[in-house]
Every structure is written in structure tokens, then in C-alpha cells.
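In what follows, a structure is listed as C-alpha cells, so that the remarks can point back to it.
Only the coordinates and a few stated rules stand behind these numbers; no lab work does. These numbers come from a predicted model, not from an experiment. FYI the Cβ positions are ideal-geometry reconstructions off the backbone, even for glycines, and counts take in every protein chain you see.
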Amino acid sequence: MDVLKKLLKLLLPYRNWVAVSFIAALFVMAANLIIPQLIRVVIDQVALEKQMNLLYLIAVGVVGVHLIKAVFIFLQRYSMEFVAQKVIFDLRNKLYSHLQRLSLSYLGKISTGQLMSRVTSDVETLRRFLDFGVIHFLQSFLTIVGILTVMLFMHPQLALVSLASIPFLIITVGKFARRVKPAFSEIQQDVAQLSSVLQENIAGIRLVQTNTREEGEAKKFREQNKKLFLSNVFTAKLWSFYLPLMHFVSGLGTALIFWYGGRLVISGQLLLGELIAFNSYLLLLVMPLRMLGWIISLIQRAVSSGERIFEILDSQPEIRDLPDALTLEEVKGSVEFNGVSFGYEENKLVLKDINLQVAPGQVTALVGATGCGKSAMVELIPRFYDTQQGTILLDGRDIKSITLKSLRKNIGIVFQESFLFSASLAENIAFGKPHASEDEIIKAAKAAQIHDFIDSLPQGYQTVIGERGLGLSGGQKQRISIARTLLVDPQILILDDITANIDAGTEYLVRKALSVLMKGKTVFMVAQRLSSLKSADRIVVLDQGEIVEQGSHHELIQAGGRYAQIYKMQYYGLEPSAS
């Protein structure tokens, strides 16, 4: 019920349109109630009493009633469809906007396929509920109330007899509702899992083909597809059993009307036209009652989808601004780690009591074995994650006291895997500064040593690249990323092992671009190749989450410690010592 209340609250901003639909439903109900009375008059007064003068009026009346009904059905359908589309439009925007602000720790727990399924499939399920579900529920409710009132007014005893089957129908509908809810939840989950398998396979298609795992991946998809198939078949089985049962139970009411009503007609206590009208009302009553099964299934599917959507919307970002957070106006670039400890998982620290002071304009390199905490350290600076203990200061201020927007605006990151959008090269370079002029974009590209390549393309900077930059080499992607960061011109720069996957020739071009990018900046470099760290002002060596030594390249080589061991292993192929 909580989820259902939340779904119905989405209609509040459009309550005027909902009111229009409600009023239209009243007119449709009234039209439905009039038609059996016209049938009664035709039988009792025209056919039996030969009042032929009424025939023309009734014919015109039938046409008029159906015309009015058609107009108000249009209003009802259009108004609710408009409301449903507006609600879903708002919900999609809200979901997407909320996803942009959720913390990486939360997004890392949910697969991309799951998120895509919730934003597409689950949202579409809500649209069907808000459109057809709400409209049919309104219409069915009003029709049931109106018909019961008329039937009881026409002949109370016959009405009570004809309604004898209704309790059994309600029990049947209730059983159906209880069984179909978990079935639809299972379907929604299976759809999300299938989306995850598909998304992962497409994203990793090169790895699949490289390792000739096409058949294995196809088998995985078939298994998940079969699971979805079986869930749908089970739900279809529920429908196939309960829908005919509801038809059978509702048919008992018709049998009772003819049995009891026929006796009344024979005894002269009821006119034939009244019996036919009464049966027409029962048929009108049975239709919305039968419709309840379909409406309940829509509600249950909507609740299942709503749970998955509100799970995202109700999740608050772990990383967010404090109420009194300050906006950075000017950044000098000093960064200080004071007793910092951090772990991606609780009670499993990646960094332990880190203390480090970096002066403005200083280049600091982070070195160590895989998993020693290098990436974790630089991810804490823009607050992708928050420390569990200790503080990080920027120009003497705790970064938690600074607004995320102003903090991250002053931090540029070039990742090892350069992500590019399916857009033009100009748009990719200007991603961090959307209103940059063409001259600014070209200047940044020239500084990043990528202008000549872009200029050689038939469409130049307007060339649209494929998804994730397919068609570009690793070095070209890196230099586009560097141009993007150059355009923003942040004071603090993080370079996350950006020369790891490129050849020596490309590395030269990247280094040339970096020399422009790093000028006057506070730089944190994460690297596996020690050759790229010789120019660093300070090299910090991490081991199992702790700083074990720091100094310049020459100082650390002379010290003969962990850095010297790594250096000898890389350049001379020597095994590291047991220490």
C-alpha cells in the first residue's frame, strides 16, 4: 500500500486533468445506465403495447446516448493518457537526474543492466498502470456503484438474488491477486537480469571473441532467457486458470436472474422488458468485476516496478554537501592528508593512517603494487568516496566543508581508460565546459597534440565518434581526454596511470601534451611505469595501504628500499628481495 500511495501521489500535480477524466467517467457511466432502460421501453411499450410513436424517439435516443458516450470516452482516455505520459516524463527525468548524484559506492552494487531495466521497462509498466489501470478502475468503480443502485431501485429481491454469486467472485479475484503479485515481481527481476547479461556481453564483446567464448555466452543468455520464459508461462497459467473461473462464477448470476426473474415474469410480478434490462445491468456489472482481475494484475506489476524505482529514488547519496558547505572561489592547490583511513567495504581498510602534505604546484607520484591503495587515495580527493577516519584538507579547508560542485570543478582527472561519448569530437572536448568557443576547443586540442589528427578528418571537429570512442586508438582517446581537461583548466590534476596501455611513440605525444597540462598545477600521478615518474617532485611509495617511503627518484634509488626494488625489477629483471 505504501508503494501504491507513492504511485498515486505522482498524479497530484495533474489533479485537474484527473478530475476531467473522473467527470468524463461519470458521463460514460450515465450513458451505460440509460441504454438498458431504452431496451426495456422498446420491449414493454413498443413491442408489447404497440406504442410505435416511441420507436423514433428511442432510436434517436440510442444514437444520442452513444454519441455522448463516445465523446466522453475520448475525453476520459485522452486526459488520463496525457497525465500518464506527463508523470512518466517527469519520473524519467527525476530518475536520471537522481542517478547522476548517487554515490559510486551505491552504483557499484547495481549492474548497468538492472539500472537500465528500471529506467525503461519498469517505468513503462507504471505508464500502463497510470493510464489504463487508473482509468479502468475509476470507470469500473463508478459503473458498479451506479448499476447496484439502479438494480436495487428496480427490484430489490431480484437484485439480491442476482448478486449471490458476487462474494464468490470477490474471493476468486482476491486469490488471484495474492498469487499474481510475486509472479510479476519475478518477471521484472528476470527482465533486469536478462538486460544485465545482454549489456555485459555487448560491452565485453571483444573479450568474448578473443577468448572464443561466444557459445558459452550464448548459453548463459539462453539460460536466463529460459528463466524469463518459465516465469511468463507460470503467470500465463495463473491467468488461464483464474480468468475462466471468474467468467464461470459471474455467469452464475445470469443463471439466477433467468431462474428467479423468469418465474416473476410468468406470475405477472415483473415485465419482460424489466427482466431483459435487469440482465443487461448484470452483464454491465459483471464486466467491471471481471476487469478487476486485469486491473489487479496491472496494480501488482506497477507495485513491483514501483518498489524497484523507489528503491533508487529513496536512496540518498552517501557523498553530499553539508548544510553550511562553502563554495570555493580561488584555489591555490595545497592538499593535506591527516590520519586518513579508508576501505571500500566496512572493516576492510585499503588505506591506513595516511599522512601527506602536498604544496601548491607540486607533482606527487604514487607508486606501489596492485591493490596497495594508489587509486583509492586519489579517489578521495574529489570525494568520490569519503574517508572513514581522518581528514583531507584543500588550502587548509576540510574538503567535506566544500560544496561538491566547486570542489570537483577545480579538480581535473585523466583516467587510464578514457571515456568518450557518442558525440562529435568538439562536444567531447568541451564536455566540462559546454559553452566553450571553437577557438578555445582548437587551442586545447593543439596543446594536447591531437589537433592535426582531428583536422585531417573529413568533418574535422564535427566528426561523430562511436560509442566509447570506438574507431580511435588508445593514444588518441587519451589526448582527447587531456584536451578536455586542458579546456577546463583545473588547479588540481589527477593522472591515473594514463601511459599504461600505449606504445612508446604515443607515450611521447601524451607526455608532450601533459607538459602543457601540468604546468603550474598540483598534480597526483598514479603510474606503474617508473620512467614516467622521474620528473616528479616527490614519489610516495605505498605498500598494503601504508606509506612506506617517499622522496625524489634519486633519493629513493640511493635509499635502496621498496622503490629501488621495483625499479630494478622493471629495468633489470631482478627478483625483489625477501624483505
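Brief remarks on what is shown
- Cut-off 9 Å between beta-carbons: net charge of the residues surrounding Gly306, Lys and Arg +1, Asp and Glu -1: 0
- Mean residue ellipticity, 222 nm, helices only, the chain: the sum of -39500 (n - 2.57) across DSSP H runs of n ≥ 4, divided by residue count and rounded to 500, is -19500 deg cm²/dmol.
- Cβ-based exposure ranking for Met525, Met569, in which fewest neighbours within 10 Å come first: Met569, Met525
- Restricted to Cα atoms, the range 317-469 shows a radius of gyration and a Dmax of 18.6, 55 angstrom.
- Cross-link check: pairs Lys405/Lys512; Lys94/Lys521; Lys6/Lys405; Lys374/Lys568; Lys433/Lys534 evaluated at a Cα-Cα cut-off of 27 Å; pairs beyond the cut-off: Lys405/Lys512; Lys94/Lys521; Lys6/Lys405; Lys433/Lys534.
- Length-normalised contact order for the chain - Cα pairs under 8 Å, 6+ apart - percent: 14 percent
- With a cut-off of 14 Å on the backbone N, the residues of the range 421-448 near the modelled label site 7 Å out from Phe415 along Cα-Cβ are 421-422.
- Label-to-label distance for Phe27 and Ser401 is 6.5 nm, based on points extended 7 Å past Cα in the beta-carbon direction.
- Estimated distance in nm for a label pair at Ile557 and Ile266, the labels positioned 7 Å out from Cα along Cα-to-Cβ: 11.6 nm
- 0 to 90° range, to nearest 10: angle between helix 562-572 axis and the chain longest Cα axis: 80 degrees
- Within the range 362-391, backbone nitrogen closer than 13 Å to the virtual label 7 Å beyond the Cα of Ala325 toward Cβ: 382-386
- Shown here for the range 26-114: trypsin sites (Lys or Arg not before Pro) in loop regions (DSSP other than H, G, I, E, B) with at most 16 other Cβ atoms within 10 Å, namely Lys50, Lys109.
- Compactness index (Cα Rg / 2.2 N^0.38 Å), the range 238-302: 1.43
- Site pair Phe82 and Ala359 shows an inter-label distance of 6.8 nm when each label is modelled 7 Å from Cα along Cα→Cβ.
- (i) 171; (ii) 184; (iii) 223, with the label sought being that of the calculated volume of the Cα convex hull per residue in Å³: (iii)
- For Val62, net neighbour charge (Lys/Arg +1, Asp/Glu -1) across residues whose Cβ lies under 15 Å away: +2
- Going from the fewest other Cβ atoms within 10 Å to the most, the residues Val83, Val488 appear in the order Val488, Val83.
- With all pairs of separate Cα atoms included, the range 2-313 yields a Kirkwood hydrodynamic radius of 22.9 Å.
- Taking the range 532-546 and a reference point 7 angstrom along Cα→Cβ of Ser515, the backbone N atoms nearer than 20 Å belong to 532-538.
- Net charge, Leu12 excluded, C-beta distance under 14 Å - Lys, Arg +1, Asp, Glu -1: +4
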